[in-house]
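K.L.:
Submitted below is the structure of interest, expressed as C-alpha cells.
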Amino acid sequence: MTTTRPAAAVDFGASNTDVVVQDGTGTRHWRLASEGQPSDARIRSALAHGGCSPADLAWIAVTGGNRTELSPSLDGRRIVHVPEVQAIGRGGLALAGLEQAAVASAGSGTAVVAAGPSGSQHVSGTGVGGGTLVGLARLLVGTVDPREIDALALNGSDTTLNLTIGEILGQAIGGLPPETTAVNFGRVARHAVEASREDTAAALVNMVGQVIAVIAINAARARQLADTVIVGHLTDLPSIRRTFELVGQYYHASIIIPERGGSATALGALLVVGDQVGE
C-alpha cells in the first residue's frame with residue numbers, strides 16, 4: 001500500500017492497543033496498554049500517544065475486540081472496520097513476505113488463520129497465550145512483568161519440572177528426539193521438586209510456546225500450507241521465540257517469526273482498507 005495521505009489503523013487487543021500509521025515517509029508503529037472498551041476517546045488517545053490526531057488522517061481502520069460500538073466517523077474522518085481474521089492474515093503475510101501461510105496471532109490468547117491471496121479463514125486457536133503465561137507466572141513465579149519472566153526463563157531449565165521423552169520411553173519417538181518434553185510439569189507430579197524461579201519460568205515458557213507452535217503447525221498441515229508464521233506480542237520475548245523455533249525443528253516445520261510481530265494485526269487492517277480505497 002502506498003497512500004498519498006496519512007492513514008492509520010488501531011488494533012484493540014485484550015492486553016495491548018497497537019497503532020500503525022503510514023504516510024509518505026514510511027510506516028510507524030507504537031503500542032499502549034489496553035484500558036476499557038474501544039471508544040472514540042480511546043482512538044484519540046491511542047493516536048495521540050504517537051503524536052497523531054484524526055485530523056491528520058485520510059481514514060482510520062479499526063480491528064480487534066468490541067469495535068462494533070465505535071462511531072462511523074471521528075472528527076470528520078471515516079472509521080473503517082476490518083474483521084480481525086482478515087487483519088491477522090494480511091499483516092502476517094506482509095511481515096513474512098509470503099503469498100500464503102498459516103498465520104498464528106499469539107497475543108493474550110492465540111488464533112490461527114489460513115491466509116492467501118483470496119483472504120483469510122479462521123482455522124484453529126487456543127486460549128493459551130501471553131495471558132496464560134503472565135497469569136501462571138503471577139501464581140508460580142511471583143511476577144507479571146513479561147520482561148522479567150523472559151529473563152528468568154532464559155536462565156532456567158525446564159527439565160527441573162518437565163519429564164522428557166527419553167526419560168519416559170528411553171528413546172526417541174518418530175521424529176522427536178529424546179530431549180523433547182513428554183509431560184509438562186510431570187516431574188513435580190511424581191514428587192516434590194525444589195525449583196528456582198528461573199526453572200519455573202522456563203517450564204512455563206516451554207509449555208505455552210509448545211502448545212501454540214504445535215497447534216499452529218497442525219493447522220498449517222491440515223490446510224496443506226508449507227509455512228507457519230507466528231506474530232503477536234508474545235513473540236517479543238526471546239525465550240518464547242526460542243521455543244517456537246525449537247518446536248519447528250522437532251517437527252521439521254517451517255516457522256517464520258517476523259520482526260515487529262506485535263504490529264501485524266494493525267498493519268493488516270491498514271493494508272486491507274488501503275486496497276479497498278485504492279491507496
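K.L.:
Looking at Val123, Val112, Val128, Val82, which one is in contact with a strand residue (DSSP E or B) (Cβ under 7 Å, 6 or more places away or on another chain), crowded, with 16+ Cβ neighbours inside 10 Å and under 28 Å from Pro6 (Cβ atoms)?
P.N.:
Val82
K.L.:
Residues of the stretch 223-243 being farther than 20 Å from Gly268 by Cβ and in a helix (DSSP H, G or I), which ones?
P.N.:
Across the stretch 223-243, the qualifying residues are Pro238, Ser239, Ile240, Arg241, Arg242, Thr243.
K.L.:
How about the stretch 11-51: which of its residues are buried (at least 20 other Cβ atoms within 10 Å of the Cβ) and more than 20 Å from Gly261 (Cα to Cα)?
P.N.:
Across the stretch 11-51, the qualifying residues are Pro38, Ile43.
K.L.:
So which pairs qualify, if the first residue must be in the stretch 166-185 and charged (D, E, K, R), the second must be modelled with pLDDT under 90, the Cβ gap must be under 8 Å, and the two must be at least 6 apart or on different chains?
P.N.:
Between residues of the stretch 166-185 that are charged (D, E, K, R) and residues that are modelled with pLDDT under 90, there is no close pair.
K.L.:
Any idea which of (1) in contact with an Asp or Glu (Cβ under 8 Å, 6 or more places away or on another chain); (2) buried (at least 22 other Cβ atoms within 10 Å of the Cβ) is the one Pro238 doesn't satisfy?
P.N.:
(2) is the only condition that Pro238 fails.
K.L.:
Can you confirm whether the stretch 128-139 contains a residue that is under 19 Å from Gly92 (Cα atoms), assigned by TED's automatic domain parsing to the domain that holds Ile212 and not polar (S, T, N, Q)?
P.N.:
Yes, the stretch 128-139 has at least one match.
K.L.:
Further, regarding this structure: Tally the residues that are assigned to a helix (DSSP H, G or I) and under 14 Å from Ile88 (Cα atoms), restricting the search to the stretch 244-279.
P.N.:
Number of matching residues: 13.
K.L.:
How many of the residues in the stretch 119-143 are over 24 Å from Ile217 (Cβ atoms) and over 18 Å from the mean Cα position of the chain (by Cα)?
P.N.:
Result for the stretch 119-143: 7.
K.L.:
Run Gln171 past the list (1) assigned to a loop (DSSP other than H, G, I, E, B); (2) surrounded by fewer than 15 Cβ atoms within 10 Å (Cβ to Cβ); (3) touching a strand residue (DSSP E or B) at 6+ places or on another chain (Cβ under 7 Å) and report the number of the one that doesn't hold.
P.N.:
Failing condition for Gln171: (3).
K.L.:
Looking at the stretch 6-44, which of its residues are without any contact (Cβ under 8 Å) to a residue 60 or more places away in the chain, among the small types (Gly, Ala, Ser) and closer than 24 Å to Asp145 by Cα?
P.N.:
Selection gives Ala33, Ser34, Gly36.
The values are calculated or read from the model by the stated rules, or taken from the named source; none is laboratory data. Quick caveat, the model's predicted, so the values are computed rather than measured. Glycine gets a Cβ as well: all are built from the backbone with ideal geometry, and neighbour counts include every protein chain shown.
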